[in-house]
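Asker: Starting off with a structure, shown below.
The values are calculated or read from the model by the stated rules, or taken from the named source; none is laboratory data. Everything quoted here is computed from the prediction, not taken from an experiment. When we count neighbours, we look across all protein chains shown, and the Cβ atoms used for this are built from the backbone with ideal geometry, even at glycine. What goes into the accessible areas is simple: the full protein's heavy atoms, side chains included, and nothing from ligands, DNA or RNA. Shrake-Rupley method; radii C 1.70, N 1.55, O 1.52, S 1.80 Å.
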Amino acid sequence: MSVQSPAAEPQASPLRRIFSGSVGRNLGLVLALLALVVVGAITAPGTFPTFDNALVILRQASIIGVVSIAMTFVIIAGGIDLSVGAVVALASVVATLAAVQDLAGSVHWTLMMLIALVVGAAAGLINGVVIAYGKVVAFMATLAMLVGARGLAELLANNRTLIVSDRDFIRALNIDILGIDMLIWIFAVVAAGGWFLLNRTTFGRRTVAIGGNREAARLAGIAVKRHTMWLYALSGLAAGVAAIMLLGRTTAGTSTHGSLWELDAIAAVVVGGTLLTGGRGTITGTVFGVLIFATLSNVFVQNNLSSSTQAVAKGVIIVIAVLLQQRFAGRPSRSS
């Protein structure tokens with residue numbers, strides 16, 4: 001008597017496999033962005049569909065976009081960083097202290113940039129050490145840094161706005177290259193670098209492995225604690241870059257800079273397809289997530305709609321993104 005083999009499961013078509021992976025998710029983001037563009041063009045035909053307005057959207061997306069790129073790495077690894085906005089504020093304040101500006105005036109204005117980067121990286125490194133080696137939950141560790149960095153920024157600035165006095169510093173961050181603002185170029189370079197780091201380096205592969213299964217990554221020989229520490233240092237460094245960009249745009253350092261940026265960055269990352277549980281994420285998706293929120297804000301401004309209505313729309317978008325994540329999280333896919 002012959003034994004019948006179980007029926008083979010039907011194989012998904014190649015087209016379905018493509019659209020259920022990263023290509024399909026990114027295509028969905030492109031369509032969502034195009035839909036917002038169409039809405040903007042219809043509701044504000046005289047001002048929205050212009051090259052100048054496109055540059056405005058990209059400029060608005062650039063600074064939070066830099067923070068979101070680094071946040072993508074942290075979340076892919078299964079972590080979270082609630083302190084990025086406060087670190088931006090602290091870096092901007094320290095870089096514009098009178099003593100720092102006087103020293104930069106006698107040395108070179110790039111010293112202000114270096115100080116901002118060092119402050120951001122140091123704050124991120126502290127987060128990483130506390131989380132990786134102190135075994136403090138990332139949520140609590142970065143929440144403590146959020147409160148501490150914001151408070152320290154207020155103390156150093158004495159609750160005042162510190163004005164950037166070096167005109168060369170301001171000019172360097174406001175020049176146009178090929179008609180495109182310097183801030184947009186910085187965002188493009190950071191996004192390209194982030195994509196390369198995630199997809200073409202051992203650092204990126206280890207990040208995905210840690211987020212997928214932390215214990216398995218440790219057994220595979222990955223130094224999980226050390227890698228986690230460097231991930232948060234990377235997030236802090238990006239906050240330092242964002243502080244430099246913000247100083248160039250506002251010409252002032254203040255403890256109020258970066259308010260709620262951590263939520264905006266996390267929202268862009270999640271909408272871009274990165275799993276909050278870790279193990280999967282895309283830099284391309286994060287870029288589209290940032291652009292979607294920047295375009296949405298621009299559409300609301302063009303139509304003189306309230307910020308409260310805009311907040312409700314953002315909330316709906318985030319909920320939809322999370323629901324879609326729950327729907328498709330079980331499907332295997334690679335980061336891109």
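Asker: Could you please tell me which pairs satisfy a Cβ distance under 9 Å, a separation of 6+ or placement on different chains, a first residue in region 162-179 that is without any contact (Cβ under 8 Å) to a residue 60 or more places away in the chain, and a second residue that is outside any strand (DSSP E or B) and loosely packed, with under 12 Cβ neighbours inside 10 Å?
Answerer: Between residues of region 162-179 that are without any contact (Cβ under 8 Å) to a residue 60 or more places away in the chain and residues that are outside any strand (DSSP E or B) and loosely packed, with under 12 Cβ neighbours inside 10 Å, the close pairs are 179/51.
Asker: Something else now. Does residue 218 qualify as being open to solvent by 10 Å² or more (accessible area, probe 1.4 Å), closer than 21 Å to residue 134 by Cα, touching a residue at least 60 places away in the same chain (Cβ under 8 Å) and part of a helix (DSSP H, G or I)?
Answerer: no
Asker: To continue, here is another question. How many residues, within region 175-194, are within 17 Å of residue 71 (Cα to Cα) and surrounded by 20 or more Cβ atoms within 10 Å (Cβ to Cβ)?
Answerer: Total meeting the criteria: 5.
Asker: So, of the residues in region 294-316 that are aliphatic (A, V, I, L, M) and more than 19 Å from the chain's Cα centre (by Cα), which turns out to be surrounded by the most Cβ atoms within 10 Å (Cβ to Cβ)?
Answerer: 299
Asker: Condition check: open to solvent by less than 40 Å² (accessible area, probe 1.4 Å) and at pLDDT 95 or above. Does residue 123 satisfy that?
Answerer: Taking the combined requirement at face value, the residue satisfies it.
Asker: Give me the pairs, please: first residue somewhere in region 140-153 and farther than 9 Å from residue 255 by Cβ, second residue anywhere and open to solvent by 20 Å² or more (accessible area, probe 1.4 Å) and of a type outside the set (A, V, I, L, M), beta-carbon distance under 8 Å, and either six or more positions apart or on two chains.
Answerer: Final answer for the pair search is 141/134.
Asker: I would also like to ask the following. What's the total number of residues in region 142-166 that are of a type in the set (D, E, K, R) and open to solvent by less than 40 Å² (accessible area, probe 1.4 Å)?
Answerer: The qualifying residues number 1.
Asker: Further, regarding this structure: Only one of these conditions is not met by residue 291: (1) surrounded by 24 or more Cβ atoms within 10 Å (Cβ to Cβ); (2) in a helix (DSSP H, G or I); (3) not small (Gly, Ala, Ser). Which number is it?
Answerer: (1)
Asker: Out of the residues in region 255-274 that are more than 11 Å from the chain's Cα centre (by Cα) and surrounded by 21 or more Cβ atoms within 10 Å (Cβ to Cβ), which is farthest from residue 209 (Cα to Cα)?
Answerer: By that ranking, first place goes to 255.
Asker: Right, something else. Can you find a residue in region 222-239 that is surrounded by fewer than 18 Cβ atoms within 10 Å (Cβ to Cβ) and part of a loop (DSSP other than H, G, I, E, B)?
Answerer: There is at least one residue in region 222-239 that is surrounded by fewer than 18 Cβ atoms within 10 Å (Cβ to Cβ) and part of a loop (DSSP other than H, G, I, E, B).
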